[in-house]
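Below: the structure, in structure tokens.
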Amino acid sequence: MIDFLEGSLRRLLDSCGADAAIIWSRAGQSSAGSVICAQPPDLVARGSAWPKTGGAAAGLIHRDPAVVASVVPTSLRLELPAAVTAALSLDLAESPLTLLLIWCGSPVEGELPEQARGLIADEIADLARIAAVQNDRGRALVRLQAVADDLDQGMASVDYALDQVDLNAAAARLLDLAPGRVRTAEFAAAMTELEGRALNREQIASMGRELLAGSSAEVDCTWRFPSNPTHVHVSSRALRHGGFSERVWIFDDVSELAQVLDASRAAERLLRAAIDSMIDPHALLESVRDGSGRVVDFVYRSVNRAACGYFESEEGDILGRSARAISSDLQRSGLFDRYLDCLETGTPAILDDLPFYNQSRDTSRRYDIRVTRADANLISLTWRDVTERFLAVERLTASERNYRLLADNSSDVIALIRDGRFVWLSPSVGDVLGRFADYWRGRELRDLIPAEDAATHEARMRAVAAGDSVRGRARLISADGTVHWVHLHARPFRDEYGHQNGVVAAFRPIDDEVAAEQVAEEARRQQARADQRYRRSVQNAAIGMCLVAPDGRLVEVNDALCAMFGYDADTLRQMTWQELTAPASVDADLANVSSILAGHQESYRMIKQYVHADGHLIWAESAVSCVRDEEGQVENFISQITDITATVQANERNEILAQRLREYAERLQTELASAAAYVSSIMPRGLTGRVRVSSRYLPSRELGGDCFDYRWVDDDHLLVYLIDVSGHGLEPALVAVSVHNMLRSGSLTPETLSAPERVLAELNRRFQMDRENDHYFTMWIGVYEASTRTLRYANAAAPPPFAFSRVGDGPLTTIALAATDGPVGIFEDTVFTAHTYTVPPECRILICSDGAYEIAIDDHRSLSYGQFKDLTTRLAATSNPLLDDLIGALHALTPAGAFEDDCSLIELSFD
Amino acid sequence: MFGHGLGGSPSDWAPLVEAFGFGRQVLTFAQSGSAEADPSLFSARRHSSVLGFADDLGLLCGELGVRDAIFIGHSMGGSAGALAAAGDPGLFSKLVLINTSPCYVDDPDHGYRGGFSHADVDALLDAIVRDYDAWTGGFGPLVMSNPHRPEYGMDFVRALRALDPSYAAVSFRAAFTGDFRKIYPRIGNPTLLLQSRDDPAVPVDVMYWMAKAIPSADMVELQSRGHFPHVVDPGEVIRAAGAFVASPPGGRR
């Protein structure tokens, strides 16, 4: 079909003289169409994406390059042998197809010949529609084949009528055939070969017999093999459509699934064997629910051998039976609720020593029970009879309780000692010395005495031997070697005949008591050391400190206070604070002291004056607090006194210096104001006539370096310039005035003055910043020639002036005279260029320094040049002259209403 | 007429529009697949090549009746403009191509250094497809350079993340895998080439190659750094192109 269409397009090109023809489809996505056919065929590939060009006027050959550009894409132009001279774009009727004809190289005359029109209407339109449909179907088949090849399942479609079998890639791999199309005999041979390798050939043969029985049979069977794939599920279905009779075979490799199933069955057998070998009973219980879904019982689904032993029944008799029926105690014991809780929450139940009635043996026993959830309806249950363990633990607990009662009731140790050896000890010795009585019996008492106490011990034993009773503290070494304090009471032991026969010693441990005493002693020692350190710190403190009695007498003083007042400590201790205080400060201090004595305040701080021993006055800062007794009465005042005489004197000197600084600043401000007034005085006040000029100079507080001038240098030329020298203060103002004077003085020739770029170049040569204390300047200079209405100007980094004009009653237009070069004075080789601007009638030009718009409009933002331009444009539309309204608007924008830098403005108004 | 590059936007041109727009009719537009463009205009098939973007440009001019325009394009936007000019010489009167490249891949056999090996490009495109957000986080600041002004990098990252990732993958593949060196000698328009320093996407050698390939081309090496000189220092671009843009249509620069 495409061949026919290409032939028709070739004849169309011959009939109309065009160089290329494309048919493309507008169907599909909105952003791209696709090519159906092209002539020459290699110009663009069929099916490639095509940009959706604009609408086409029917049947007209376009020669306007702009219109041609709207239908001939760049990508096609680059493939054409010559520049495109004409194009025709025609939508083919009753189809989403467009024909594009292109002429290259030479111009094209006339319109499309009638013969060509007929060819398009009678032949090409139909062929193109068919080609487009075929393209779509071809693409669909290719896509389908790609999908089939992508499947993991094998597919074979057998067409007996045509004797052909179509195989996808997976089927071809399994049958060891080439993918694509084979003869039915080849397919049958491959199936026989595959069957020969299968392990379950009998089953497969049965499947084959079913197929032979009827042509519409549907069969499936899993073929098993000794090696991978080990399991292939093979199914076959008859497929009938139209007059065709086909059969489809599906081969599904299920080896992985089958292997997993085999493994699962093996694991299940293993698990069953493990459970059966358990000593403890195990059961799997399934929940039984009523109509509302509530669990009302459990039935046994699996039990191991130990469980059968427990119930004294066979497995078959237990499975399927109700748990509540088998165990009548299930509900009362609370176990049923625990089963429910485990099933519903998944929380395992761990129950130890649970009493439970064993129905089979008609006895109540104790059990450890474990319950876990196996799935949503199953719980796993194991249990162990622990009755014997429980009873053993009970007995042990009871005997421990009795023993503890006895031991607790005998805290003191009593011992009978003969010939220096223990004969008998009470059981409580274990608590005191770490071993029971049997251990100590027969041992020598002196082995328990620390070496350093041996002499004391011997003396005590002698006293007892002499018939005395001994009391007091002693130390004994316990079985683990530690030394314990005990309170000892030893006396002679007399037999029934009254004969002394040993020593009875009673002792009780007092380690805690002794330790408490030692802690108290250590605390007392530390307090004494702290007191000593405090007294030393007070004595050696850098500031004066003293303890003052309520009557004003100084009780304790330190060295710093003696040095401050010029008295020794003994003399000071004879004086009162009132005697040391300057008369002028006494009343104020007394008021504070009275307030503390009355209990209204606890401390105060004041600056006051004292009198030194030699009579001079001392400025001091006094901080006073108090110590009160238990009844709240003041025992002593504690005063800390810092000599601040030097600080007070320094402050007085600083005040004098600050005053001088203020006077100096005021003088400087006066000088800056004078300089500003001078700069202002040398600048012109305005011009009238053919060009009306008005100007404003608003110096900042610190004085910037702005200066400007305008004057007619001859009848036809008006010179205007504005300078802004870098920095603030007198220096930049002097540089500005120097430039101004030089331009006024006539030291530049009239030829130079009439060429702004040469003026800038000359100033750049004379005012290099290394000779001007690092000051450079920006400058805009212009010369207006009235006879030609031409403004020739040059700009050395100054803000571009704005020209406002309008045509007739049209809107006001603002132009920035934007060209600029570098500032004057930075580089010796800076090149300045001149530009011209033809001044329209009634034009106004605004020239300004950067101080006019570099103003902070709040804490974070400054006015930008663009905003300044917008503001001036808006004002210029309604204000003429502009300057006073502009200054008012700028003042209103700044929070302080003042300019931070010099602000200079010149407005030129032309006839 | 201003054509932005990948990840760019019509607003990138604001300073240049203000500087060059006086007395002229200015046309800015959003490239297909960019955040501000109509998504239905993007075709993964057509825009798999820079030629698709060149087609858009030519057809847009055709529909608007624009001829003899001054075209200023950046990166892939510049490349699309160059191809459109080669196909239709009357479309533009002159071209300003900023950090533009006809081919990003090195071709040592012909002494051409595009800045990337085939492996570099494969790795870059793979990173785009694998995790677009992660890739933009690294690529944005790298291409924008100017580490002392990180806000430019962050802005570019935001701009890239505003793109549909599937469109971005197609567009970046188009830009980085195309080779249009055979077409550049067919550009008959006066052309000014601008190239900034330390551009990780386009080495300055590419500009030297283009200056030789395009019959009527001049070039300026800019002082600003990174791939976006018109964003980080529009003043320098305006100064460099000012005289060329202002010169009479028929004359040389």
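What's the extension gain from A:SER216 to A:LEU162 if we count 0.36 nm per residue and subtract their Cα-Cα distance?
17.6 nm
The alpha carbon convex hull volume per residue for segment A:729-883 rounds to 143 Å³.
The equivalent ellipsoid that matches the C-alpha gyration tensor of segment A:679-787 spans semi-axes of 24, 18, 10 angstrom, in descending order.
Near B:ARG239, once Lys and Arg are set to +1 and Asp and Glu to -1 for all other residues with Cβ below 11 Å from its Cβ, the sum equals -3. Think of each Lys and Arg Cβ as +1 and each Asp and Glu Cβ as -1; about the Cα centre, that makes the dipole of chain B roughly 640 debye. Within 10 Å of the Cβ of each residue in B:180-187, the mean number of Cβ atoms contributed by other protein chains is 1. Within chain A, the whole DSSP H helices whose Cα atoms reach 27 Å or more along their own axis and whose mean Kyte-Doolittle score is at least -1.0 are A:125-150, A:255-276, A:387-408, A:645-682. For segment B:1-105, the percent of C-alpha pairs falling in each 10 Å distance bin, counted from 0 to the bin holding the largest distance, reads 15, 52, 30, 3, 0.
When you filter the trypsin sites (Lys or Arg not before Pro) in segment A:179-233 for DSSP loop state and at most 13 other Cβ atoms inside 10 Å of their Cβ, you are left with A:ARG183. Normalised by 2.2 N^0.38 Å, where N is the number of residues, the alpha-carbon radius of gyration of segment A:485-630 equals 1.98.
Multiplying the sequence separation of A:ARG471 and A:ARG535 by 0.36 nm and subtracting their Cα-Cα distance, what value in nm do you get?
18.7 nm
Here the calculated FRET efficiency for B:ALA119 and A:ALA582, from their Cβ-Cβ distance with R0 = 56 Å, stands at 0.05, rounded to the nearest 0.05.
Here the convex hull built on the C-alpha positions of segment A:166-323 has a volume of 219 cubic angstrom per residue.
Find the Rg to Rh ratio for the protein assembly as shown, where Rh is the Kirkwood radius over alpha-carbon pairs and Rg uses the same atoms. Mind dumping the intermediate values first?
Working: Rg = 55.2 Å, Rh = 45.5 Å.
Value, to two decimals: 1.21.
With the simple spin-label model, which puts each label point 7 Å out from Cα in the Cβ direction, the B:SER11 to B:SER40 separation comes to 2.6 nm.
Legend: Rg and Dmax of segment B:104-253, from Cα coordinates, 16.8, 50 Å. So for segment A:653-743, considering every pair of alpha-carbon atoms, how many percent are separated by more than 18 Å? I get 54 percent for the Cα pairs in segment A:653-743 exceeding 18 Å.
Applying 1/(1 + (r/R0)^6) with R0 = 25 Å to the Cβ-Cβ distance of A:ALA646 and A:ASP568, what FRET efficiency is obtained, to the nearest 0.05?
0.55
With the simple spin-label model, which puts each label point 7 Å out from Cα in the Cβ direction, the B:TYR208 to A:ALA515 separation comes to 8.9 nm.
Here's the picture: a label point sits 7 Å out from the Cα of A:MET575 along the beta-carbon direction, and within segment A:581-615 the residues with their amide nitrogen under 13 Å of it are A:581-583, A:610-615.
Calculated on C-alpha atoms, the gyration radius of segment B:147-210 divided by its Kirkwood radius gives an Rg/Rh of 1.04.
Of the two radii for segment A:1-96, the radius of gyration is 0.92 times the Kirkwood radius, both from the alpha carbons; that is the Rg over Rh value. Please find the FRET efficiency linking A:ALA83 to B:LEU64, where r is the Cβ-Cβ separation and R0 is fixed at 22 Å, and quote it to the nearest 0.05. Plugging the Cβ-Cβ distance into 1/(1 + (r/R0)^6) gives 0.60.
Taking 16 Å as the cut-off, the amide N atoms of segment B:79-99 that come nearer than this to a point 7 Å along the Cα-to-beta-carbon line of A:ASP64 belong to B:91. Enumerate the whole-percent occupancy of each 5 Å bin, from 0 to the last occupied one, for all C-alpha pair distances of chain B. Going from the shortest bin to the longest, the percentages are 1, 6, 14, 20, 21, 19, 12, 6, 1, 0.
Grouping the Cα pair distances of segment A:758-818 into 5 Å bins from zero gives a pair-distance distribution of 4, 14, 18, 19, 16, 11, 7, 6, 3, 2, 1 percent in increasing distance order. Relative protection proxy for A:809-819, A:707-717, from highest mean packing down: A:707-717, A:809-819 (other beta-carbon atoms within 10 angstrom).
Take the Cα pairs of segment A:90-218, get the Kirkwood Rh, then feed it into Stokes-Einstein at 20 °C and 1.002 mPa s and tell me D in µm²/s.
Rounded to a whole number, D works out at 108 µm²/s.
Restricting the GluC sites (Glu not before Pro) of segment A:305-344 to loop positions (DSSP other than H, G, I, E, B) with no more than 12 neighbouring Cβ atoms within 10 Å leaves A:GLU312, A:GLU314. Residue by residue along A:817-828, Cβ atoms of other protein chains within 10 Å of the local Cβ number 1 on average.
Taken along the Cα-to-beta-carbon direction at a fixed 7 Å, the label points for B:SER166 and A:TYR664 span 7.7 nm.
Which loop trypsin sites (Lys or Arg not before Pro) in segment A:558-623, with loop taken from DSSP, have no more than 16 other Cβ atoms within 10 angstrom of their Cβ?
Answer by residue number: A:ARG573.
Each value in this text was obtained by applying a stated rule to the coordinates, not by laboratory testing. Quantities reported herein were computed from a predicted structural model and do not represent experimental measurements. Note that each Cβ is placed from the backbone with ideal geometry, even for glycine, and that neighbours are counted across all protein chains shown.
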